[in-house]
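Encoded as structure tokens, the structure appears first; notes follow it.
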Amino acid sequence: MKIRIALIAWIALVSAAHAQTVRPYRFLLVISDQWKDPASYVIEDNGEFQVLAAALKSWGLPFDVLRLDQQRLDQYHLLDRNGHSRYGTIIWDAAAGDFRGKGLDVVEELVKKDGVGLVVVGDGIAAPEIANLTGVSLLSEFISTDTLAVTRAHFLTRELKGREKLFPPAGKYWPGNNVSATDATVLMTRGPHPFLTTHEWQGGGKVVWLGFYRQSGQMSEQVARDLLKRSLAWAQGYALYAEYDHAIVMFMDDMGTSDKTFLSYWSYRSNPEDEIQKGLVEPLKQHHAVLMQDVNTGFVDKHSQRILNPWKQEHVVDAVVPGRVHNYASTKRGLDDGLRAGVFEIQSQGWTHMLPDLDSPPGPWWTASMDGVGSLGWWTEFGDPVRKKEIPAITQRFHMRQSLKQIKGDFGVTPLFLMRGGGGVSYSWPNNTMRIAAEMGFGLSELQGDEYLGPDYVINLQPVLPRGGWAQDRTLSPKDIPWTVDAPYYLVFHDKDLADDPTSIARLLDELGPGIRFMSANEYCAYTHANVSRDPDSRQALALQVDYDSHYCAYFGSHPSQWTLLLSDETRQELGEDIPEKQTIEVPKGTGRHPVGASASGTNH
């Protein structure tokens, strides 16, 4: 029976003794020298560190990063003002190295006596202090085609259901860690080698060792992420996270751009209102779907050599196809129709979709022949392929500011997603497009990869978040999509597809069929920016709360949200009730802080 109240309080309290040692709900990701950004902001490193950070952020798990090449694991960093641990669980992803003098004795104290959980990845056990806590010692490396095998029933392996045989893929020979597990319980092996172990300290914390080989990208595998998630839930006792089962975010690029009117190799009709209504709005409504419209609000006009308002261009004569006339005002009315119908979400593709400098050599572009210099790659907004230069930060900031201001003025919404115009970006720290976009208040982007943008970090989510393109002359069915519960699938296409075949998007939606969760970028942004924590003033066992700010999480101001609560066996026994291991928590619409609880029915409303 569903308990229909706004929120459910936790149904049980732990003993008073345990209540005094309740750990915070926050994870600490410890690394050594994997972070290539010396400013500790952009995570774009193509290694297991990026995979871990991307997974934690997409799940919505609260975490901090501590890097041992710049910091110590001492009381200064690990204890709060009351002398209690700042973290409930530590994720040890520090590569093999000499950590003498780095304060690992504090970690040992927290795990052995204060109940802090510890999850160790791969050769992190090369550190003697960590090997002692896990009960696992590193002997050497090995290479084999052996797959995983479950050797002992346990919470960590319960949901694998044979999928462990997919690691490594059939016929692949992958490296691994040869270890001795003399003081740990072995739950999984890879051939003769222990692969997954646990160790429980009497009166202390729970420790997991995961044998993924650091340098080979094994952490990107779904099996790896599933084991990591359950390891964190077991070490912490519970985990509250977002899931994205068969979720898709669809993007249509290029509404408002001028290049379709003069570029021979990207020439097509602009979309009028009736075509948008029939070809997009109606099929999207029929399928209860939503489409991100990545728009440009700066129309680059060759004749006046100025940036104009695209939505006021009612009669633009095409420079490629004789007799073709573009009416962007009609396009705007179609976009407004979809926005009012709730099937469009207006996002930013930058301001102009063209280089900010159209005058310097080899320009000026304004008067250049479109059979020569004018046909070069002037269509990139945040990186300059024509001159092989970056775009200065102040110029990128100006373009983003114009886009934000004009979308707000034109559509009455604030975009939280930024799509790169033309594909180029700038990489150096002073001109880093991802960093600048985050500073401007964007929450997600597709720039260098597919990024989370926040005041805490910029994280390339691509190791976790799959993406693909589509065009009107292709087919796409659910079996073609690499689904994952860890992130939605990004599907990108263009207004050209609608122009070339006005029925193509309706056909795409029919091919995807039922059972698809159509998400908006603002919804995904809200999950990744949600602040999940434990109420520090409560003595209840699992007094969690979610906090939605009014900017990044604005979507939840008018929509409910759903989280998954996973409870370890020990936590369920401790609560003393017949509570399901996994249940869905629904939080009602509204920004701000919401208490979160569990119910015996397994569904919380």
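Miscellaneous remarks
- Residue order by solvent-accessible surface for 265, 76 is 76, 265, largest first, with ligands and nucleic acids left out and a 1.4 Å probe.
- Alpha carbon centroid spacing (whole Å) that separates segment 149-183 from segment 105-125: 22 Å
- The peptide list 431-438, 82-89, 366-373, 524-531, put in order of mean Cβ contacts within 10 Å with the highest first, becomes 431-438, 524-531, 82-89, 366-373.
- Rg/Rh for segment 217-273, where both radii come from Cα atoms and Rh is the Kirkwood radius: 1.37
- J(HN,Hα) series, segment 548-556, from Karplus relation 6.51 cos²θ - 1.76 cosθ + 1.60, nearest Hz, glycine and proline x: 10, 7, 7, 9, 5, 9, 4, 4, 6
- Secondary-structure-derived ellipticity at 222 nm for the chain, considering helices only, amounts to -6000 deg cm²/dmol, per-run term -39500 (n - 2.57) for DSSP H runs with n ≥ 4.
- Global geometry of segment 71-160, whether rounded, prolate or oblate, following the gyration tensor of its Cα atoms and the 1.5 cut on a/c: oblate
- In this structure the chain gives 39 Å² per residue of accessible area when probed at 1.4 Å with all protein chains present.
- Segment 351-357 - phi-based ³J(HN,Hα) in whole Hz, Karplus 6.51/-1.76/1.60, Gly and Pro as x: 9, 10, 6, 9, 4, x, 9
- Ellipsoid equivalent to segment 173-231 - semi-axes via the Cα gyration tensor, in Å: 21, 15, 8
- Percent carbon-and-sulfur accessible area, segment 313-448, ignoring ligands, DNA and RNA, probe 1.4 Å: 54 percent
- Mean projected area of the Cα convex hull of the chain, taken over all directions, amounts to 28.5 nm².
- For segment 342-394, the list of trypsin sites (Lys or Arg not before Pro) that fall in a loop by DSSP and count at most 11 other C-beta atoms within 10 angstrom reads 388.
- Within the accessible area of segment 106-170 (1.4 Å probe), percent carbon and sulfur: 52 percent
- Tilt relative to the chain, helix 48-59 - C-alpha long axis, 0 to 90 degrees, to 10: 80 degrees
- The chain: angle of helix 393-411 to the longest principal axis, Cα-based, in degrees nearest 10: 80 degrees
- Applying a DSSP loop filter and a limit of 15 other Cβ atoms within 10 Å to the GluC sites (Glu not before Pro) in segment 301-397 leaves 314.
- Straight-line reach from residue 113: taking Cα to Cα under 13 Å and skipping same-chain neighbours fewer than 8 places apart, the aspartates and glutamates in range are 105, 200.
- Student exercise, segment 378-443 dipole from Lys, Arg, Asp, Glu Cβ charges, in Debye to nearest 20: 100 debye
- Once backbone amide H atoms are built at 1.01 Å from N, residue 147 has 191 as its partners under 5 Å, excluding neighbours fewer than 5 places away on the same chain.
- Relative contact order (%) - criterion: Cα under 8 Å, at least six apart; region: segment 356-508: 14 percent
- For residue 63, the residues 5 or more places off, or on other chains, whose built amide H falls under 5 Å of its own are 27.
- Percent of beta bridges antiparallel (DSSP, the chain, rounded to nearest 5): 55 percent
- In this structure, the pairs whose alpha-carbon distance is over 28 Å, taken from 278/408; 36/172; 102/172; 285/496; 260/388, are 36/172; 102/172.
- Share of carbon and sulfur in the accessible heavy-atom surface of segment 202-264 [1.4 Å probe, %]: 40 percent
- Restricting segment 171-248 to chymotrypsin sites (Phe, Trp or Tyr not before Pro) that sit in a DSSP loop and have at most 12 other Cβ atoms within 10 Å of their own Cβ leaves 173.
- Stokes-Einstein D in µm²/s, Kirkwood radius over Cα pairs - segment 123-229 at 25 °C with 0.890 mPa s viscosity: 175 µm²/s
- Projecting the Cα atoms of 369, 383, 394 onto the charge dipole of segment 352-406 (Cβ charges, centred on the Cα centre) puts 394 farthest toward the positive pole.
- Counting only alpha carbon atoms, the long axis of helix 104-114 and the longest principal axis of the chain meet at about 70°.
- Relative protection proxy for 445-454, 157-166, from highest mean packing down: 445-454, 157-166 (other beta-carbon atoms within 10 angstrom).
- Under-5 Å amide H pairs with residue 89, H placed in peptide plane, nonlocal only: 26, 28, 117
The values are calculated or read from the model by the stated rules, or taken from the named source; none is laboratory data. Model, not experiment: these values are computed from the prediction. Methodologically, a virtual Cβ is constructed for each residue, glycine included, from the backbone with ideal geometry; neighbour enumeration extends over all protein chains shown. Just so you know, the surface numbers come from the protein's heavy atoms only, side chains and all, with ligands and any DNA or RNA stripped out. Shrake-Rupley method; radii C 1.70, N 1.55, O 1.52, S 1.80 Å.
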